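See structure below.
The values are calculated or read from the model by the stated rules, or taken from the named source; none is laboratory data. As the structure is a prediction and not an experimental result, all values here were calculated from the model. We place every Cβ from the backbone using ideal geometry, glycine too, and count neighbours over all the protein chains shown.
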Amino acid sequence: MIVRARILVPIASPPILNGAVRIEGETVTALGPAADLLPAPGEEVVDLDQHLLLPGLINAHCHLDYSMLRFAISPQRSFTQWIQRINALKRCLDTEDYLAAIHKGFRELQHWGTTTVCNIESFPELLPRIEPPPVRTWWFYEMIDVRHRTATEEVVSGALTFFDQNPALLGGWGLSPHAPYTASRTLYELSNACSARHNMPLTTHLAESREEFCMFRDAEGPLYEFLNQLQRPMSDCGHGQTPFATLWNSGCIDQRWILAHMNELTEGDLQLLAEAPRERLPHVVHCPGSHHYFGHATFQFRALQALGVNLCTGTDSLASTDTLNLFQELRRLGESEPGLSPLTLLETATVNPARALGMAGKLGQISPGALADLIALPCPPNLPVDSAHQAILQCRTPVVWTLLHGKVTLNQTAYA
Ligand SMILES: [Zn+2]
């Protein structure tokens, strides 16, 4: 199949006016000016001549379970109160609610051009009941052992049994110890061991809030009090170490990890990252809407970027942001980091998260050998080719055409 577009935006190489892509099966095999990439006899041609064509976006941090909670929790005075509020709401929800929420979330992702999502799944037992997703999905099995109701080994072996019984559709599996305040050191170590054996990516929430910071460094504050009441062992708190330093110094974190949030970082934390070999650096996901909702400390995009940290964008769940639209999240990031180029912004939702998933060259770009996950947006008339990245960021209408794994999954073009 040949797909032609008014502007082809490969991300990993410069945009091409009147470009074309050849797709064979699920793979991109060639791209270039349409005049040079002529169809073979009988080869199907899709003409998107009034559109921008780009790789589908990758959402590096999402919780589809909570897609029913948009605007359900008004911003709370504290992060701990928000946790208590969502826990209370969760007690009123049942399996059918979560299934409907996941379905709704997938539709919204698809609507706005996301073709790959890293979804933290708190209820993996629901998965056998979920229809094949319209989006390539990495299911990160969320694990919590804070109260030691379940032995840590049981949590991990439960995850592995689940992976064996549910062969992946499009996407893959990962593990997600929730956060250092809800997951034990042992759980992090076991997750590392599983990842090494099964080659799975890992993700966790880290240094998200000031309250987590005060809990670990000073053994005080609302989160400390809340978890202490729940009888979490608190001996890892109060040693003057930040949440990041506490986990980093345990030796658990390396390049297999996608760290969500990382808002509360000190100069000392950045120094620890600076001293690490670049190839061992973890990946970091920033969620601009959720960050704004909670009013967290300024995300240190430039400092992390300067250290060579691979930076990705995610939405988080609809319980703490108002949209699963990554174009909107990238605009928010652009507003808080003026001066970042449109391409740098787009990379945080394409090539960077692909690398974090171990899929560099396969996802998030249009190049020979990449998987054919493509989206098309209407192209403003007479758009100069060097304004294509900026025009994509300004996308305010749903995508009109999507190719996932080489198959058209959405077509609302005039040619449909
Ligand atoms: Zn999260």
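For residues that are in contact with a strand residue (DSSP E or B) (Cβ under 9 Å, 6 or more places away or on another chain), under 19 Å from Thr95 (Cβ atoms) and surrounded by fewer than 17 Cβ atoms within 10 Å (Cβ to Cβ), scanning just the range 128-174, find the one that is modelled with the lowest pLDDT.
Asn166
Keeping to the range 328-360, report how many residues are on the phi > 0 side of the Ramachandran plot and either free of Cβ contacts under 8 Å to residues at least 40 places away in the same chain or surrounded by 18 or more Cβ atoms within 10 Å (Cβ to Cβ) (or both).
1
Can you pull out every residue in the range 54-97 that is exposed (fewer than 13 other Cβ atoms within 10 Å of the Cβ), in a loop (DSSP other than H, G, I, E, B) and either within 15 Å of the ligand (Cβ to nearest atom) or not acidic (Asp, Glu) (or both)?
Residues satisfying the conditions are Phe71, Ala72, Ser74, Pro75, Arg77, Arg91, Cys92.
Among the residues of the range 300-325 satisfying the criterion of being outside any loop (DSSP other than H, G, I, E, B) and within 16 Å of the ligand (Cβ to nearest atom), which is surrounded by the fewest Cβ atoms within 10 Å (Cβ to Cβ)?
Selected residue: Thr313.
Going residue by residue through the range 235-244, is there one that turns out to be within 16 Å of the ligand (Cβ to nearest atom), under 20 Å from the mean Cα position of the chain (by Cα) and crowded, with 17+ Cβ neighbours inside 10 Å?
For the range 235-244, residues within 16 Å of the ligand (Cβ to nearest atom), under 20 Å from the mean Cα position of the chain (by Cα) and crowded, with 17+ Cβ neighbours inside 10 Å: absent.
Restricting attention to the range 6-37, report how many residues are within 24 Å of the chain's Cα centre (by Cα), surrounded by fewer than 17 Cβ atoms within 10 Å (Cβ to Cβ) and under 12 Å from Leu371 (Cα atoms).
The qualifying residues number 2.
Within the range 364-386, identify whether any single residue is within 18 Å of the chain's Cα centre (by Cα), surrounded by fewer than 19 Cβ atoms within 10 Å (Cβ to Cβ) and on the phi < 0 side of the Ramachandran plot, and answer yes or no.
no
Hey, Asp47 hits all of (1) modelled with pLDDT under 95; (2) part of a strand (DSSP E or B) but one; which does it fall short on?
(1)
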